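Derivation of every value follows stated rules applied to the coordinates shown; laboratory data play no part. Since we're looking at a predicted model, the values are computed, not measured. All Cβ positions, even for glycine, are placed from backbone atoms using ideal geometry, and neighbour counts span all protein chains on display.
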Amino acid sequence: MAFKISNVLEYDSFIALDIWSFKIKVLVCKIEYWELKIIWKSYLRQNKKDFISWEIADLSSVSKSISKAILKACQNLEEIPKDIVVWFNSSSLLYDHISINYVRQSKDSPIWMKEIDEMIKNIEYKSLDKIKTKIESRLWIIDSEMRLITTSIVSIYIDWQRLSNPIGFTWKNVKLNLINIFSPSSKYNIIKNIIRDLDKNLISVVPVGISIPKLIEDSNYSFDYNLFIDFWYSKTTIIVENNSEILGFNIINYWLEVLEEELKRNLSLNYIDIENIIKDMDSNYNNHKEIFDNYFNLIFDSVMVASLDIEKNLFLKNIFISWGWASNIVKEKIWHYFEKKNHWKNILVVNDFDKEIGLKEVTNPTDVTALSLAKAWKEIIGIKKDPIARILRYILYKYE
């Protein structure tokens, strides 16, 4: 059943939950006068045994860990929020860019959200058909096992003119550029079953490719040519955006896990000692320069290939890095790599969203992914109150 604006409730408070890395991240959020407030937050280390290739394998154990993290975050609250929005990052996510060109029969009548809903609803199967080859080659499953989890309008053209607020006006020609994100039903059902086990209400599932760009949406960088690199323990997500339009994303199945194993192989240390080396990479870089440099070259080559797979002609202006720790070494190495390999000059590399973007909610680099999720849902609630204000970022969620 397709999402409709009338189905969005006004949630006073909710939980933003990130369960897809080596630490569970819980933000208890409240929206007051259109401002996002982070009331409490907590982190809890995951058990590696609960994952296979960092995809959830033991639902019961992960559910218990999430419950502990939520109780920790809400220990000083009179009431624990029932509603949860979940960040979704999986190597099985696939996207499709698709355009709708539509000539309205009743050009003299105003266009409303219901009409846009119907236009988008009609192209779901066409979009799924377009990615059949990717489904078969990358996931080895049949297309009927895929589920559309997000449709986002990235741009609207009315009578060949790009607009952000066509609602309520009369137009003849309508063009919508959309990005559809699909996931295997099994992955979505894992999340749904975990939240049900917690006796919570799953508001929505927000994919990484949609949420991360929310971090800069209110900044002066949002209309630049941007590359987002989200480093996780076992995954690296690359998102390309231009002029506030998400062009696409790719997920590479490695990051810190590979570095961990390489350090362990060369230094014969336990995982706690290795984690401490990585946490303080800036101080430890010179002591293990060769290992780090070989590792960076591998990762950055992969990032480049994944970026060019999205957009062949990259003219990047900014690169935004998100991961568990802000590192000047990583920032410096990325800048040198992209300038040397591609002769791009004056690229800004940002890895501290608090200082450089002004995200006052970020007090720890670990907060970034969960915060991007909270910002995405804040926007959905805003659409309920004023669909014109956020039509360019109108996100449609599928639900049962």
Place a point 7 Å from the Cα of Lys172 along the Cα-to-Cβ direction; which residues of segment 103-143 have their backbone N under 17 Å from it? 103-111
Ratio of segment 197-293's C-alpha Rg to 2.2 N^0.38 Å, to two decimals? 1.43
Take the alpha carbon atoms of segment 61-90, find their center, do the same for segment 190-212, and report the distance between the two centers in whole angstrom. 11
Given R₀ = 41 Å, FRET efficiency for Trp160-Glu339 by Cβ-Cβ distance, to 0.05? 0.60
Step by step: find N for segment 220-356, compute 2.2 N^0.38 Å, then divide the Cα radius of gyration by it. What's the final number? 1.06
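Which of Lys30/Lys187; Lys82/Lys214; Lys72/Lys289; Lys37/Lys200 have a Cα-Cα distance over 30 Å?
Violating the 30 Å Cα-Cα cut-off are Lys72/Lys289.
Once you wrap a convex hull around the alpha carbon atoms of segment 116-166, what is its projected area averaged over all directions, in nm²?
4.6
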Distance in nm between Ser185 and Asn294 label points, each 7 Å along Cα→Cβ, equals 4.6
Lysine pairs with alpha-carbon atoms under 27 Å apart, segment 95-182, spacing 8 or more or separate chains: 19
Along the dipole axis of segment 95-182 (charges at Cβ: +1 for Lys and Arg, -1 for Asp and Glu; origin at the Cα centre), the most positive-end residue among Ile100, Ile131, Ile120 is Ile100
Once the convex hull of the C-alpha atoms of segment 95-182 is built, how many Å³ does it hold per residue, rounded to a whole number? 90
Say each of Asp218 and Asp143 gets a label point 7 Å from the Cα, pointing the same way as Cα to Cβ; how far apart are those two points in nm? 4.1
Run through the DSSP bridge list for segment 220-356 and note the antiparallel percent, rounded to the nearest 5. 65
Provide the per-residue ³J(HN,Hα) series for segment 43-53, in order, calculated from phi with Karplus coefficients 6.51, -1.76, 1.60 and θ = phi - 60°, each as a whole number of Hz, with x at glycine and proline positions. 10, 9, 5, 7, 8, 4, 5, 7, 10, 10, 6
Separation in nanometres of the label points that stand 7 Å from Cα toward Cβ, at Ile52 and Lys64: 2.0
